[in-house]
Ligand code: ATP
């Protein structure tokens, strides 16, 4: 719409001043008028729809049929229980689903986009949803475009607009472009659109449309949320669930056939068989997993990790290698220049400040000041450190930048490892270059000594290289500064990238600056914790090998030089050779983002499950190819965040350790919860089957089975899913193999053993009485209670259930108490007694039944004790 209007026209239309942006008062008025800058999602489902979805299940239909049969038979009690169970189950389902949804919703809010705007003359970062038409937005590489913009300024800007145009290559953007008439989106070079990404360069633009009025907003289909993907575990569970359902239903049919053959009451046994099928079919497994994952993910968010895709939580527990950036993740990213090298000498800041009258020192500071986008508090840490260094030495970057305005630039990127700016200096133009010293030195032909420019001899080159190594070995990040005077006549306009040969060749070497970036305090502890958990830490950095190795040594990541490989060495290896070496390399230095992809692939081929951190635009492919891509929440770009599975809100390496621990814990909890559900269900089936097989009356009626299903399936399973974990123990084990069965490591045994035990105690209780009603009441009580005790036991698969106090899991405590109270209620409250055909129990009977029901827990504790003794 605005592609054929000039910047001035657009400014006039939106009443905005390009220097100051909008005023606060104007923003308020527009916010009221235009609303929030957000794409509307589908409206939330109503309660009725949710309940309906819960009831639309084939098993529930069977239950309704069973209720109908009971009514026809005049068994109003059974019909009532069945209907009550259906309603209660649906309610619990809706509540749990709501909880999971809320958790995921609040996560989404945490990853909301931010935008940089100029308002009232000041640059500030705000939530992108607060943008209004007319706002002046600042863009830089890696940022997601927060609304539709008419560009007012661009510097080598490119944007990737595949969400709108389907074109995955980044396209050039140019604020000077002016169309003759209306153009399709893909051709509007002077506009950029919501949801696209800036992949290179910088720019500014005026918001021309927000929210649903943007180009994406108009494509309705894009807004519909992508369906939630099933996690591998959920997939495996649905498969397992289906298999178990068929098995269970088969068994129930067999049970019914057997009962008919034994000439039992057909209708009663039909009801019982149906109830058993309903109770024992593990239809809720995938839902339980979703809830546990969703709640776990909320907990992780509070601890600094935002998980963007649920499946990542499972993968986290299996991670065997963590590849981390150095700067900002393993180190604090608080850089200060501690030393510099000019005129063949090393100076501290104070010394240089005193000797600044020397031309070369002054020149070096000028290059650092001009060739930089940083201010005192804005910009990247390296440039901020240099800014501070210049100021402390008495050179004001702001003043210099006004005096020598920037005419062009080739921005810094991790591949080139350098940055260049072009300035007018009187009659002349100069190019200022700063970057990795090895890279810069290669492009220098002269050096400055005192105030003279002399050729850079081979001896001097070696001397400078030795100095770089010396400074790097002290864990300093070293940057070199160089410059070149240019012939003005031939200066191009625009397309500076094409002028590398002219701007960055035959440079005059000025000197080096060494800056300190101390390691994070918690990082060494995390590396050690990983080592105990058989997880390898690998440092990947664009920094110099010696700097990297020095920091790696301080953190315990590497000891020997052989453990370090540079990007140049990596280039000489083919895929096979890299795969062979990858196991013994712990530090990759001077690598480019593309190398990261090769490293991840080699690690994966070597059988490792890899987590990889990244922050830049070019890191996106590596983040995508890693099993877990981790982006930085503070320092990272929107592009990296979009490509990642997980975001660290504090950029801290130690947070990865907590996340992996949490991932392992969540997986363990899901396993505990599933094994509990399956063993309890097996207990119910075995009880009924054994009774029918040996030809005794059924120990449990249809109502009993459904009642127990209600008190044991929801709360205790969830309580197990949210149980705490033995941190120490979790992080002392090697990572789980991917694709490992849930039943590995004794899972099958656990299920069959406890299932049989529960059946045995239930039948034992039943046999202890002649009178049928009392015997059934016994069996009913013991089955319910023993499953509750079993849930407590399952808090730890190998250790004591009480190694962590039960009070730490209030949900479990509540589940057990509510369960016991409900069991008491059905033997005390006459109405319920009538419904469920139970008799009142005496205190002595209660005590005996409680003791008997505790058997699974007691046996569990005994086994845990024996296990501990053996290990
Ligand atoms: P990591 O991957 O651990 O974050 P890094 O931050 O050191 O590593 P890059 O940002 O890719 O990696 O930097 C690579 C090299 O480029 C640095 O070692 C430094 O020498 C140089 N460099 C860093 N920032 C700038 C900059 N703003 N301008 C010029 N050169 C820079």
Test: residue 247 is part of a helix (DSSP H, G or I), at pLDDT 80 or above and under 39 Å from the mean Cα position of the chain (by Cα): yes
Hits in the stretch 840-871 - residues which are part of a loop (DSSP other than H, G, I, E, B) and crowded, with 17+ Cβ neighbours inside 10 Å: 841, 854
Residue 698 being within 26 Å of residue 244 (Cβ to Cβ) and in a helix (DSSP H, G or I): no
Residues that are more than 8 Å from the ligand (Cβ to nearest atom) and touching a strand residue (DSSP E or B) at 6+ places or on another chain (Cβ under 8 Å), drawn from the stretch 374-385: 378, 385
Exclusive hit being touching a residue at least 24 places away in the same chain (Cβ under 8 Å), over 29 Å from residue 715 (Cβ atoms), surrounded by fewer than 15 Cβ atoms within 10 Å (Cβ to Cβ) and out of contact with any helix residue (DSSP H, G or I) (no Cβ under 6 Å at 6 or more places or on another chain), set 24, 65: 24
For residue 440: the one exception among (1) within 14 Å of the ligand (Cβ to nearest atom); (2) at pLDDT below 95; (3) not in a strand (DSSP E or B): (2)
Options 819, 747, 807, 793; residue that is exposed (fewer than 15 other Cβ atoms within 10 Å of the Cβ) and assigned by TED's automatic domain parsing to the domain that holds residue 689: 807
Qualifying residue in the stretch 520-534 (condition: in a strand (DSSP E or B) and within 16 Å of the ligand (Cβ to nearest atom)): no
Residue within the stretch 612-624 that is away from the ligand (no atom under 16 Å from the Cβ), crowded, with 21+ Cβ neighbours inside 10 Å and modelled with pLDDT of 90 or more present: no
Verdict on residue 756 being in a helix (DSSP H, G or I) and surrounded by 18 or more Cβ atoms within 10 Å (Cβ to Cβ): no
Checking residue 351 against (1) closer than 23 Å to residue 505 by Cβ; (2) in a helix (DSSP H, G or I); (3) away from the ligand (no atom under 12 Å from the Cβ), the condition it does not meet: (1)
Matching residues, the stretch 342-370, being crowded, with 24+ Cβ neighbours inside 10 Å and either within 24 Å of residue 548 (Cβ to Cβ) or not assigned by TED's automatic domain parsing to the domain that holds residue 477 (or both): 368
Residues of the stretch 304-337 classified as on the phi > 0 side of the Ramachandran plot and away from the ligand (no atom under 12 Å from the Cβ), total: 1
Unique match (being away from the ligand (no atom under 15 Å from the Cβ) and either surrounded by 20 or more Cβ atoms within 10 Å (Cβ to Cβ) or not in a helix (DSSP H, G or I) (or both)) among 570, 549, 578: 578
Filter result (within 16 Å of residue 510 (Cα to Cα) and within 16 Å of the ligand (Cβ to nearest atom)) within the stretch 421-437: 421, 431, 432, 433, 434, 435, 436, 437
For residue 542: the one exception among (1) within 11 Å of the ligand (Cβ to nearest atom); (2) touching a strand residue (DSSP E or B) at 6+ places or on another chain (Cβ under 7 Å): (2)
Filtered residues of the stretch 365-378 (kept if free of Cβ contacts under 8 Å to residues at least 40 places away in the same chain and farther than 14 Å from residue 406 by Cβ): 365, 375, 376, 377
Filter result for the condition that a residue is more than 21 Å from residue 281 (Cα to Cα), outside the structural domain of residue 294 (by TED's automatic domain parsing) and modelled with pLDDT under 90, over 119, 109, 30: 109
Yes/no for residue 282 being in a loop (DSSP other than H, G, I, E, B), touching a helix residue (DSSP H, G or I) at 6+ places or on another chain (Cβ under 7 Å) and away from the ligand (no atom under 16 Å from the Cβ): yes
Residue in the stretch 451-461 that is in contact with a helix residue (DSSP H, G or I) (Cβ under 9 Å, 6 or more places away or on another chain), away from the ligand (no atom under 16 Å from the Cβ) and assigned to a helix (DSSP H, G or I) present: yes
Flag for residue 558 being in contact (Cβ under 8 Å) with a residue 40 or more places away in the chain and surrounded by 18 or more Cβ atoms within 10 Å (Cβ to Cβ): no
From the options 374, 385, residue that is under 40 Å from the mean Cα position of the chain (by Cα) and in a loop (DSSP other than H, G, I, E, B): 374
Test result for residue 79, at negative phi, surrounded by fewer than 15 Cβ atoms within 10 Å (Cβ to Cβ), assigned by TED's automatic domain parsing to the domain that holds residue 269 and not in a loop (DSSP other than H, G, I, E, B): no
Complete set of residues in the stretch 128-143 that are modelled with pLDDT of 90 or more, assigned to a strand (DSSP E or B) and under 19 Å from residue 641 (Cβ atoms): 137, 138, 139
Pick from the stretch 585-610, criterion within 15 Å of the ligand (Cβ to nearest atom) and within 20 Å of the chain's Cα centre (by Cα), ranking: nearest to residue 734 (Cα to Cα): 600
Pair list, Cβ < 6 Å and 6+ apart or interchain, from the stretch 35-53 residues that are over 14 Å from residue 97 (Cα atoms) to residues that are in a loop (DSSP other than H, G, I, E, B) and at pLDDT 80 or above: 37/131; 37/147; 37/210
Of all residues making up the stretch 397-414, the number that are exposed (fewer than 14 other Cβ atoms within 10 Å of the Cβ) and either in a loop (DSSP other than H, G, I, E, B) or within 16 Å of the ligand (Cβ to nearest atom) (or both): 1
Flag for residue 310 being outside the structural domain of residue 453 (by TED's automatic domain parsing), modelled with pLDDT of 85 or more, surrounded by 23 or more Cβ atoms within 10 Å (Cβ to Cβ) and touching a helix residue (DSSP H, G or I) at 6+ places or on another chain (Cβ under 8 Å): no
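The values are calculated or read from the model by the stated rules, or taken from the named source; none is laboratory data. Computed from a prediction, not measured in an experiment: that's the story for all the values here. Positions of Cβ are generated from backbone atoms using ideal geometry, with glycine treated the same way; all protein chains shown enter the neighbour counts.
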